[in-house]
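Below is one structure, written out as structure tokens; the observations come after it.
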Amino acid sequence: MKGYNFAYLDEQTKRMLRRALLKAVAIPGHQIPFAAREMPLPYGWGTGGIQVTAAVLGRCDTLKVIDQGADDTTNAVSIRRFFARTAGVATTTRTAHATIIQTRHRIPETALTEAQIIVYQVPQPEPLYRLEPSRTETRRMHALSEYGAMHVRLYEQVARYGQIAISYDYPVMVNGRHLMAPSPIPAFDNPKMHRMPALQLFGAGREKRIYAVPPYTDVASLDFEDYPFRAGRAPHACALCGAQASYLDEVVTDDRGGRMFVCSDTDYCASRREQAP
Amino acid sequence: MAYVAVKGGERAIDAAHAWLAAARRGDGTVPSMQTAQIREQLGRAVDRVMAEGSLYDPDLAALAIKQAQGDLIEAGFLLRAFRTTLPRFAAALPVDTAAMRLARRISAIFKDLPGGQVLGPTYDYTHRLLDFSLLEDRPAADAPEAGAHPGPAPRIPDILGQEGLLEADIRSDAEPFDITRAPLAFPAGRDARLQGLARGDEGFLLGLGYSTQRGYGNNHPFVGELRVGEVDVEIVPAELGFAVCIGTVTLTECQMVNQFAGSKTEPAQFTRGYGLAFGHAERRAMAMALVDRALRAEELGEALTAPAQDPQFVLATCDNIEATGFVEHLKLPHYVDFQSELETVRRLRATAGSAPGAGPPPGAVPPDEPP
């Protein structure tokens with residue numbers, strides 16, 4: 001794009017980002033502060049993910065952007081256009097064809113490979129912030145692996161509700177060392193992070209933090225032996241493709257309680273319908 | 001009703017932007033506004049956008065205000081996003097506000113002082129009566145003897161400081177922290193704090209400053225001095241080795257003189273809060289000075305009891321570009337998170353339903369707000 005560097009950010013800024021990314025990969029799950037720039041899109045709308053994508057994007061890459069699992073949600077469209085315009089890279093909606101996937105709130109159903117990078121947009125990188133608002137204090141808690149407070153929170157839910165009641169942004173332990181916010185993906189997606197062959201990068205622009213999970217790293221959802229982690233989904237099959245195990249969106253069809261359930265991953269659903277006889 | 005997946009986000013976005021452009025222009029029979037008119041006649045709006053957009057450029061600020069239909073936070077965002085793409089070719093020398101060409105200078109702690117009290121172009125003492133004559137396009141009355149700027153006047157610390165009654169200016173040649181190039185970490189130094197406040201939301205700073213006056217971290221402020229005027233901006237180009245003036249900026253500076261500190265061994269002296277803003281922005285500079293002083297509570301050994309004294313609370317919240325983005329991001333789809341919550345609530349209700357008449361237990365943990 002005339003007047004702007006490849007993928008919008010100048011090379012010095014990309015270098016700063018790549019240094020933070022290298023640190024993040026070296027210490028899986030540990031939050032690295034970085035000097036996030038103002039982007040021409042609002043904070044909270046994916047500026048962290050956009051900066052990470054801009055830092056790893058090359059001319060030969062093929063980019064896929066999803067929001068809520070879908071390629072055609074307006075913010076996904078907007079971010080995909082941003083890179084098509086500022087970097088001129090190829091874009092795709094096909095998970096298997098993408099080399100970089102930027103996502104908000106979902107991990108694709110199709111298993112990712114070593115040849116792919118998934119970039120998560122993160123609103124709040126600090127998994128402990130609801131328990132301890134002071135970042136000075138949470139930094140100390142991470143340094144000492146002092147995560148008892150989070151276990152107490154889970155225990156309180158078991159005591160009150162008879163089960164753990166966190167539905168999304170379900171906290172995970174990475175590499176047995178760092179407690180990490182997986183971003184607001186449904187807990188259903190958490191198991192996909194465990195030993196994923198693709199590199200997982202996380203960008204929080206407003207909070208100015210980057211973190212990462214390198215390929216084949218252990219990612220464990222917090223739980224108890226007698227109250228094991230459970231990944232919930234709506235107990236239905238997709239009304240369009242019949243998938244039994246995908247994550248479903250609930251669509252309101254009328255004002256008399258009518259509902260239908262369809263795959264949240266639009267590419268997965270469309271591919272299954274194409275392959276169906 | 002058959003279900004049709006929503007497609008055509010791209011077309012919807014284009015159509016929305018075209019509609020926005022038409023709405024921005026408004027009634028085509030009314031003459032279009034020139035940015036020069038905004039710059040000249042909506043100067044206080046321009047000043048606020050320059051401060052919160054952290055870029056001193058009245059023409060671009062006027063353009064941003066026009067483009068944003070007068071939404072000043074949106075305008076500040078436009079300016080900020082432009083600023084971040086600009087190369088940095090030099091760093092200015094510290095500006096000398098004692099050499100300011102004053103348009104206004106008042107002190108609330110001395111009846112008279114060297115340089116005098118200069119009211120200048122102020123809304124103070126105007127009666128807030130709508131002036132219906134402005135509905136008509138009349139030439140403005142001439143201001144009395146425009147350009148009669150009083151000479152440079154010493155700043156209040158230069159006066160009180162001589163006696164040691166006021167804590168001294170911090171002199172340092174150390175490279176200041178730069179919140180636009182390094183991530184802010186807590187605890188934050190005063191240089192980083194002042195930078196954050198200088199571009200913080202005026203309304204938020206006003207509220208926080210006001211909260212200190214209402215007992216939440218009071219620091220007994222006096223306006224030592226408030227001055228508005230032009231200062232020269234100088235740089236030292238490497239190939240020249242001496243300072244050259246590259247332009248002038250209008251600044252508002254507030255020196256707040258606060259509650260004294262001291263002990264049996266340390267002689268008592270007044271402390272200070274400092275506010276500085278682009279343009280003519282007295283409310284902003286004063287609020288900033290109150291909050292700057294409140295944030296020094298820990299350094300000065302005061303009890304930390306109020307929000308205005310908590311650097312993380314103030315600095316991580318005061319940036320309205322960040323705040324508006326995150327508040328407004330709630331408009332983005334959250335179907336997936338909401339679906340996961342629906343399933344959880346249904347599961348909990350199914351479990352609770354097995355006990356007759358069982359509602360949620362008292363003191364149930366409220367569900368987390370959507371991120």
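The values are calculated or read from the model by the stated rules, or taken from the named source; none is laboratory data. Keep in mind it's a predicted model, so treat the numbers as computed, not measured. Using ideal geometry, Cβ is built from the backbone for each residue, glycine included, and neighbour counts are taken over all protein chains shown. The area values use the complete protein model at the heavy-atom level, side chains included, leaving out ligands, DNA and RNA. Shrake-Rupley method; radii C 1.70, N 1.55, O 1.52, S 1.80 Å.
Okay, here's what the table says:
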{"quantity": "Qualifying residue in segment B:283-302 (condition: open to solvent by 20 Å² or more (accessible area, probe 1.4 Å), over 30 Å from B:LEU42 (Cα atoms) and either modelled with pLDDT of 95 or more or within 11 Å of chain A (Cβ to nearest Cβ) (or both))", "calculated": "no"}
{"quantity": "Out of A:THR93, A:THR74, A:THR13, sole residue that is open to solvent by 50 Å² or more (accessible area, probe 1.4 Å), closer than 30 Å to B:LEU79 by Cβ and within 12 Å of chain B (Cβ to nearest Cβ)", "calculated": "A:THR74"}
{"quantity": "Residue count for segment A:145-177, restricted to those that are within 21 Å of the chain's Cα centre (by Cα), more than 7 Å from chain B (Cβ to nearest Cβ) and of a type outside the set (A, V, I, L, M, F, W, C)", "calculated": "5"}
{"quantity": "Candidates B:LEU197, B:LEU184, B:LEU208, B:LEU226, filtered to the one that is under 26 Å from B:VAL118 (Cα atoms) and in contact (Cβ under 8 Å) with a residue 24 or more places away in the chain", "calculated": "B:LEU226"}
{"quantity": "Set A:TYR216, A:TYR227, A:TYR247: member being of a type in the set (Ser, Thr, Tyr) and more than 23 Å from the chain's Cα centre (by Cα)", "calculated": "A:TYR227"}
{"quantity": "Enumeration of residues in segment B:106-117 that are touching a residue at least 60 places away in the same chain (Cβ under 8 Å) and either polar (S, T, N, Q) or surrounded by fewer than 17 Cβ atoms within 10 Å (Cβ to Cβ) (or both)", "calculated": "B:SER107, B:ALA108, B:ILE109"}
{"quantity": "Criterion violated by B:GLY262 - all others in (1) of a type outside the set (Val, Ile, Thr); (2) without any contact (Cβ under 8 Å) to a residue 24 or more places away in the chain; (3) under 26 Å from B:PRO152 (Cβ atoms) satisfied", "calculated": "(3)"}
{"quantity": "Helices (runs of 4 or more DSSP H) contained entirely in segment B:1-108, each with at least 3 residues that are among the small types (Gly, Ala, Ser) and within 14 Å of chain A (Cβ to nearest Cβ)", "calculated": "B:9-25, B:72-83"}
{"quantity": "Residue within segment A:215-228 that is touching a residue at least 12 places away in the same chain (Cβ under 8 Å), more than 8 Å from chain B (Cβ to nearest Cβ) and touching a Ser or Thr at 6+ places or on another chain (Cβ under 9 Å) present", "calculated": "no"}
{"quantity": "Test result for A:PRO191, within 22 Å of A:ILE101 (Cα to Cα), part of a loop (DSSP other than H, G, I, E, B) and more than 10 Å from chain B (Cβ to nearest Cβ)", "calculated": "no"}
{"quantity": "Flag for B:SER133 being open to solvent by less than 50 Å² (accessible area, probe 1.4 Å), among the polar types (S, T, N, Q) and over 27 Å from B:GLU52 (Cα atoms)", "calculated": "yes"}
{"quantity": "Subset of segment A:42-56 (residues that are open to solvent by less than 10 Å² (accessible area, probe 1.4 Å), within 15 Å of A:PHE6 (Cβ to Cβ) and either free of Cβ contacts under 8 Å to residues at least 60 places away in the same chain or away from chain B (no Cβ under 14 Å) (or both))", "calculated": "A:THR53, A:ALA54, A:ALA55"}
{"quantity": "Residues that are facing another protein chain (nearest Cβ under 8 Å) and either of a type in the set (A, V, I, L, M, F, W, C) or surrounded by fewer than 22 Cβ atoms within 10 Å (Cβ to Cβ) (or both), drawn from segment A:20-41", "calculated": "A:PRO33, A:PHE34, A:ALA35, A:ALA36, A:MET39, A:PRO40"}
{"quantity": "Members of segment A:195-213 that are more than 28 Å from A:TYR155 (Cα to Cα), in a loop (DSSP other than H, G, I, E, B) and either out of contact with any helix residue (DSSP H, G or I) (no Cβ under 6 Å at 6 or more places or on another chain) or open to solvent by less than 20 Å² (accessible area, probe 1.4 Å) (or both)", "calculated": "A:MET196, A:PRO197, A:ALA198, A:GLY205, A:GLU207, A:LYS208"}
{"quantity": "First in segment B:265-286 and closer than 20 Å to B:ASP57 by Cα, second anywhere and among the basic types (Lys, Arg) and surrounded by fewer than 24 Cβ atoms within 10 Å (Cβ to Cβ), Cβ under 7 Å, 6 or more apart", "calculated": "B:HIS280/B:ARG44"}
{"quantity": "Meets criteria (surrounded by fewer than 21 Cβ atoms within 10 Å (Cβ to Cβ), part of a loop (DSSP other than H, G, I, E, B) and more than 12 Å from every other protein chain (Cβ to nearest Cβ)) for A:GLU109", "calculated": "no"}
{"quantity": "For A:ILE185: the one exception among (1) modelled with pLDDT of 95 or more; (2) over 20 Å from the mean Cα position of the chain (by Cα)", "calculated": "(2)"}
{"quantity": "Inter-residue pairs, beta-carbon under 6 Å, first free of Cβ contacts under 8 Å to residues at least 40 places away in the same chain and in segment A:73-101, second in a strand (DSSP E or B) and open to solvent by 20 Å² or more (accessible area, probe 1.4 Å), 6+ apart", "calculated": "A:ARG80/A:THR91; A:ALA84/A:THR91; A:ALA90/A:THR62; A:THR92/A:THR62; A:HIS97/A:THR62; A:ALA98/A:THR62; A:THR99/A:THR62"}
{"quantity": "Answer from A:ALA181, A:ALA198, A:ALA212, A:ALA187 - the residue that is in the same structural domain as A:ARG18 (by TED's automatic domain parsing) and under 18 Å from A:GLY44 (Cα atoms)", "calculated": "A:ALA181"}
{"quantity": "Among the candidates B:ALA21, B:ALA103, B:ALA81, B:ALA68, residue that is open to solvent by less than 60 Å² (accessible area, probe 1.4 Å), among the aliphatic types (A, V, I, L, M), free of Cβ contacts under 8 Å to residues at least 60 places away in the same chain and within 27 Å of B:LEU134 (Cα to Cα)", "calculated": "B:ALA68"}
{"quantity": "Count of residues meeting criterion [in a loop (DSSP other than H, G, I, E, B), open to solvent by 20 Å² or more (accessible area, probe 1.4 Å) and not basic (Lys, Arg)] in segment A:57-71", "calculated": "3"}
{"quantity": "Filtered residues of segment A:131-150 (kept if open to solvent by 60 Å² or more (accessible area, probe 1.4 Å) and among the basic types (Lys, Arg))", "calculated": "A:ARG139, A:ARG140"}
{"quantity": "Qualifying positions in segment A:249-261 - more than 7 Å from chain B (Cβ to nearest Cβ) and either open to solvent by less than 30 Å² (accessible area, probe 1.4 Å) or in contact with a Pro (Cβ under 9 Å, 6 or more places away or on another chain) (or both)", "calculated": "A:GLY258, A:PHE261"}
